[in-house]
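Shown next, in C-alpha cells, is the structure this report addresses.
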Amino acid sequence: MIMANNLKRQFDLYASEYESKALEVLRSGWYILGNEVKEFEKEWANYIGSKYCVGLASGLDALWMSFRILDIHDGDEVIVCGNAYIACVMGITMNGATPIFVEPDEYDNMDANKIEEKITKKTKAILAVHLYGTACDMTKIMSLAKKYNLKVVEDCAQSHGNHWDGKRVGTFGDIGCFSFYPSKGCGAFGDGGCIVTDNEDLADKFRVYRNYGSRVRYENEVVGTNSRLDELQAGLLRVKLTHLDELNSERCKLADRYFIEIKNPLIVLPKIRPGADSTWHQFVVHVPNRRDDLIKYLKERDIGTIIHYPIPPHLSKAYEYLGLKKGDLPITEKYANEVLSLPMYNGMTYEEQTIVINAINDFE
Ligand SMILES: *Cc1c(COP(=O)(O)O)cnc(C)c1O
C-alpha cells in the first residue's frame, strides 16, 4: 500500500531528535508561551527572512486574525483565488468581509492578470495563496496593491521556504501566514501556525491578540482570542526546522524523478512559474478527461491519491449565501475536476516511487 502521504515516515527520519525534545519540554514544567516558542519565533523569522514571527494555534487563526488586525470587516472585499483551500475563504468571511474570486492560471495559482478587473471601491486586500508549494506572481500583486493602496496577506501554509524572485514567500506582503498542520512542509505533531511581518506594530498586535488581548496578566487591552502555539509543538518545530532544507530538497528530488519518468499523454505534469521554485508540498498533475478513472485504477493497485480540492469554495454548501453558481468560475471548476495529487512524502522509497511511475505509465 502506497499512501498519498505518510507522516510516519517523516517522523522516523529524525525520530530520536523529536523524542528527546518532547521529553525535554514535558519535563520542563512550562507548556504555554515559554522559551521554546520565543526561540522558534526567532528562528522561523530568520529562516523566512522577516523581522518578526508570532506563533499561533493554527493557520486558520493566522488568516482570520490577519484580517481582524488589518481592520477588514463587513462591507469590505478581499481578492482571493477561486481554487483556494476553504480555510483561506473562512479567514476572510469570519470577519464579515466578502471574498472576490479570481481564476487560477496555468501554474495553478491566482492569475494576477485577472485581479485588476475585480478591484472596486470596497476592495481592501489581496490574499495571495501560494498553493502546492509554489509562489503566486508577487511582483504583479505587489504593484497592484501599491497602485490601489491595498493590503496584501500571503497564505504560505503550503509554501514553507520556497521563493519568488529569490526571496522566500511570506516576505512580500504586509503579513505572511503559515500553518504547521502535520502534513505541511515544516509540519508539527499537532496543530500550530504563525505569522511573519516586518512591521513591529502589527507583530505586537498579534502578540497581544493571541493571548486574550493581554500584555500584562489580567489586564486586557482589546477583545482578543486564545491562539497560542504551545511549547511542545514549538520545540518539535525547532527540531524540524533544522532539517527543513533537507526535507524540501528530498521532495524536489522526488518531483524531478516524476518529471523525468512519467510519460503518459493523458497526464499533464505541473508547470512552475518563471521566477518561482517549488518545495513540492503537493505534486499536482492535471488529468483532463480520465481523472476519476485514474484514481480508481491506482486504488486497485493500492496506490493512494488525493484531490486538492474536489469542491471549490464558491460551490461549497458553506458559501451558498454568496450566491455564486456552477459556471461562474469555469477554470476553477475545470481544475477541480482534473487535478490529482500523486504520492509525495518525505521518506518515500525509490521502490515505492517506481511502482507509482510504472502504474501511471501503464494507464490507458
Ligand atoms: C492548511 C492550510 C490552511 C489552514 O491551516 P490550519 O493550520 O489547518 O488551520 C490555510 N490555507 C492553506 C492554503 C492551507 O493549505
**Q.** Odd one out for N83, checked against (1) buried (at least 18 other Cβ atoms within 10 Å of the Cβ); (2) more than 23 Å from I195 (Cα to Cα); (3) in contact with a helix residue (DSSP H, G or I) (Cβ under 7 Å, 6 or more places away or on another chain)
**A.** (2)
Q: Return yes when D74 is among the charged types (D, E, K, R) and either at pLDDT below 95 or at positive phi (or both) and no when it is not.
A: no
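If we scan region 91-106, do we find a residue that is at positive phi and surrounded by 20 or more Cβ atoms within 10 Å (Cβ to Cβ)?
No.
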Q | Candidates E117, E106, E77, E154, filtered to the one that is of a type in the set (D, E) and within 17 Å of I272 (Cα to Cα) | A | E106
(Q) Quick test for you: out of K42, K114, pick the one residue that is surrounded by fewer than 24 Cβ atoms within 10 Å (Cβ to Cβ), outside the structural domain of H308 (by TED's automatic domain parsing), of a type outside the set (S, T, N, Q) and farther than 28 Å from K21 by Cβ. (A) K114
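Just to be sure, is K253 part of a helix (DSSP H, G or I), surrounded by 21 or more Cβ atoms within 10 Å (Cβ to Cβ) and among the charged types (D, E, K, R)? Steps first, please.
On the way: part of a helix (DSSP H, G or I): yes; surrounded by 21 or more Cβ atoms within 10 Å (Cβ to Cβ): no; among the charged types (D, E, K, R): yes.
Answer is no for this residue.
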Q | Residues satisfying the stated conditions in region 33-58, i.e. more than 25 Å from L7 (Cβ to Cβ) and assigned to a strand (DSSP E or B) | A | Y52, V54
Q. In the list N95, N113, N109, which residue meets the criterion of being farther than 16 Å from S179 by Cβ, within 13 Å of the ligand (Cβ to nearest atom) and in contact with an Asp or Glu (Cβ under 9 Å, 6 or more places away or on another chain)?
A. N109
(Q) Contact list please: Cβ distance under 7 Å, first residue in region 147-171 and within 15 Å of I115 (Cα to Cα), second residue of a type in the set (K, R) and not in a loop (DSSP other than H, G, I, E, B), pairs at least six apart or on different chains. (A) L150/K124; K151/K124
Q) Are there any pairs with C-beta distances below 6 angstrom linking a residue in region 175-197 that is more than 12 Å from the ligand (Cβ to nearest atom) to a residue that is of a type in the set (S, T, N, Q), with the two at least 6 apart or on different chains, and if so which? A) I175/S66; I175/T197; V196/S50
Q) When you scan region 187-201, how many residues do you find that are closer than 15 Å to I69 by Cβ and crowded, with 18+ Cβ neighbours inside 10 Å? A) 5
Q) Taking region 149-180 as the search range and keeping residues that are of a type in the set (F, W, Y) and in a strand (DSSP E or B), which one is nearest to L70 (Cα to Cα)? A) F178
(Q) Which condition from (1) among the small types (G, A, S); (2) surrounded by fewer than 22 Cβ atoms within 10 Å (Cβ to Cβ); (3) on the phi > 0 side of the Ramachandran plot is the one that S183 breaks? (A) (3)
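The values are calculated or read from the model by the stated rules, or taken from the named source; none is laboratory data. Predicted, not measured: the structure shown is a model, and the values here were computed from it. Here the Cβ is made from the backbone with ideal geometry for all residues, glycine too, and neighbour counts use every protein chain on show.
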